[in-house]
1. Which pairs turn up if I take residues in the stretch 329-340 that are of a type in the set (D, E, K, R) and look for partners that are in a loop (DSSP other than H, G, I, E, B) with beta carbon separation below 9 Å, at least 6 apart in sequence or on another chain?
2. Taking Gly228 as meeting all but one of (1) surrounded by fewer than 17 Cβ atoms within 10 Å (Cβ to Cβ); (2) on the phi < 0 side of the Ramachandran plot, write down the number of the exception.
3. Just to be sure, is Glu52 surrounded by fewer than 24 Cβ atoms within 10 Å (Cβ to Cβ) and either more than 28 Å from Gly116 (Cα to Cα) or within 16 Å of the chain's Cα centre (by Cα) (or both)?
4. Give the residues of the stretch 194-225 that are buried (at least 19 other Cβ atoms within 10 Å of the Cβ) and aliphatic (A, V, I, L, M), sorted by residue number.
5. Looking at Ala43, Ala109, Ala7, which is the one that is closer than 23 Å to Val344 by Cα and either of a type in the set (A, V, I, L, M, F, W, C) or touching a strand residue (DSSP E or B) at 6+ places or on another chain (Cβ under 6 Å) (or both)?
6. What residue, among those in the stretch 245-274 that are of a type in the set (Gly, Ala, Ser) and surrounded by 15 or more Cβ atoms within 10 Å (Cβ to Cβ), is nearest to Leu233 (Cα to Cα)?
7. Does any residue of the stretch 285-300 turn out to be of a type outside the set (S, T, N, Q), assigned by TED's automatic domain parsing to the domain that holds Gly245, surrounded by fewer than 19 Cβ atoms within 10 Å (Cβ to Cβ) and outside any strand (DSSP E or B)?
8. Here are some conditions: (1) buried (at least 17 other Cβ atoms within 10 Å of the Cβ); (2) modelled with pLDDT of 95 or more; (3) of a type in the set (Asp, Glu). Asp318 meets all but one. Which one does it not meet?
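The values are calculated or read from the model by the stated rules, or taken from the named source; none is laboratory data. In this text the structure is predicted, and so the values were computed from the model without any measurement. Here the Cβ positions follow ideal geometry from the backbone for every residue, glycine too, while neighbour counts run over all protein chains shown.
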Amino acid sequence: MTAALLAPGKTKLTNVPNIADVEIMVELLTRLGCEIDHQIDSASVEINVPMEIGHRADYDLVRRMRASINVLGPVLARCGEVDVALPGGDDIGSRGVDMHIAGLTKMGAEFSNDHGYLIARAPNGLVGSHIFLDLPSVGATENILTAAVLADGETVLENAAREPEIIDLCQLLNKMGAKISGIGTPTLTITGARELQPTAHQVVGDRIVAGTWATAAIATQGQITISGIDPNLLSLPLAKLHEMGAEIKTDADSFTVSMNSRPNSIDIVTLPYPGFPTDLQPQFIVLNAVANGSAMVTENLFEARFRFTQELARLGADIHIDGHHCLVKGVNKLSGAPVVSTDVRAGAALVIAGLIADGTTLVSGVTHVDRGYENFVSVLSSLGADISREIES
């Protein structure tokens with residue numbers, strides 16, 4: 001959605017989920033001067049970008065969604081200036097913008113801070129540069145990409161993120177007239193264009209949502225078919241589910257998982273793509289919590305991602321944390337209790353835990369879940385879950 005800012009005119013995106021984060025981004029782009037037509041029934045968003053856009057992303061929106069920082073690259077490229085409130089979002093640890101700043105600085109941007117805002121200026125325009133990321137950061141890759149496509153000259157971005165969402169963004173940008181090569185590799189080469197054109201694009205299926213539904217089926221010893229996703233994007237998580245005892249069947253754009261016994265415990269180590277995704281780590285901890293045996297889960301990306309395990313322990317899970325390692329000893333059953341969600345994936349994982357716990361589990365803080373899952377409660381209910389949504393006071 002923020003990439004649409006790079007080209008005046010109407011860009012239409014399809015396969016857009018009806019989630020809270022999309023609504024926040026609609027509001028943010030509207031404040032920047034865009035006219036938005038969000039059609040929930042057709043899962044589409046049409047963004048009409050004016051010739052002149054605003055350059056300030058306000059705190060009240062950015063604090064609600066960290067992805068608002070994604071306006072940094074395209075607005076700087078279009079306007080030569082941008083003011084972005086320092087981001088908020090999930091409570092899973094520090095996620096600074098140092099790599100975003102370092103990369104854009106090499107392209108000619110000048111940064112300062114003022115009253116909680118990150119201010120960037122490019123008085124002489126952006127120029128291509130050779131940039132090496134300390135880590136394959138998704139956010140930094142996105143912002144550097146969306147700035148480089150309108151920069152003067154060639155940018156080489158090394159140690160770039162390789163997530164399917166980055167590939168999808170590159171494909172969108174190339175449709176708009178950008179010149180990006182090396183897509184899907186750690187080295188992206190971007191030749192700046194004078195201008196880009198609006199386009200239409202179908203957004204890639206959400207592999208994390210698909211993986212969440214799969215873990216819910218495994219936890220409840222059920223069966224589910226998930227469509228609209230290339231199972232190759234989930235090769236490692238599906239292989240891990242198979243190790244746990246699940247039966248996996250894949251097609252071109254769907255997969256089926258089924259389970260009829262207690263899962264076997266498995267070790268997990270989170271890494272940037274194509275490693276195991278950190279956004280599926282909480283769901284797999286829940287599976288290990290009721291599995292046969294013990295498992296070690298190692299979190300290499302977000303230091304506070306284990307915070308939700310304190311809530312899982314309230315349901316009877318046997319979990320021990322040591323730094324970025326989490327030892328999970330499987331128990332025969334969990335028991336319902338009140339728990340609190342601290343982020344999108346933790347909320348989904350706690351709901352899955354509630355599905356297999358004896359008695360009633362009350363998960364509060366579920367507005368986090370709304371940020372990443374469309375119709376979460378109604379979909380689970382349609383699959384046979386005894387679940388209802390209450391208004392939080």
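1. If the second residue must be in a loop (DSSP other than H, G, I, E, B), the pairs left are Lys329/Ser265; Lys329/Gly293; Lys329/Ala317; Lys333/Val290; Lys333/Gly316.
2. (2) is the only condition that Gly228 fails.
3. On the way: surrounded by fewer than 24 Cβ atoms within 10 Å (Cβ to Cβ): yes; either more than 28 Å from Gly116 (Cα to Cα) or within 16 Å of the chain's Cα centre (by Cα) (or both): no.
Against the criterion (surrounded by fewer than 24 Cβ atoms within 10 Å (Cβ to Cβ) and either more than 28 Å from Gly116 (Cα to Cα) or within 16 Å of the chain's Cα centre (by Cα) (or both)), Glu52 does not qualify.
4. Let us first name the residues in the stretch 194-225 that are buried (at least 19 other Cβ atoms within 10 Å of the Cβ), namely 196, 198-199, 201, 204-219.
Residues satisfying the conditions are Leu196, Val204, Ile208, Val209, Ala210, Ala214, Ala216, Ala217, Ile218, Ala219.
5. Ala43
6. Just the residues of the stretch 245-274 that are of a type in the set (Gly, Ala, Ser), to begin with: 245-246, 252, 254, 258, 261, 265.
Applying the additional criterion that residues be surrounded by 15 or more Cβ atoms within 10 Å (Cβ to Cβ) yields 245-246, 254, 258, 265.
Working: Gly245: 20, Ala246: 18, Ser254: 11, Ser258: 19, Ser265: 23 Å.
Among those that are of a type in the set (Gly, Ala, Ser) and surrounded by 15 or more Cβ atoms within 10 Å (Cβ to Cβ), it is Ser254.
7. To start, the set of residues in the stretch 285-300 that are of a type outside the set (S, T, N, Q) comprises 285-287, 289-291, 293, 295-297, 299.
Checking the rest, the ones that are also assigned by TED's automatic domain parsing to the domain that holds Gly245 come to 285-287, 289-291, 293, 295-297, 299.
Narrowing the set further to residues that are surrounded by fewer than 19 Cβ atoms within 10 Å (Cβ to Cβ) leaves 293, 296.
Okay, now just the ones that are also outside any strand (DSSP E or B), so 293.
Within the stretch 285-300, one or more residues are of a type outside the set (S, T, N, Q), assigned by TED's automatic domain parsing to the domain that holds Gly245, surrounded by fewer than 19 Cβ atoms within 10 Å (Cβ to Cβ) and outside any strand (DSSP E or B).
8. Checking Asp318 against (1) buried (at least 17 other Cβ atoms within 10 Å of the Cβ); (2) modelled with pLDDT of 95 or more; (3) of a type in the set (Asp, Glu), the one that fails is (1).
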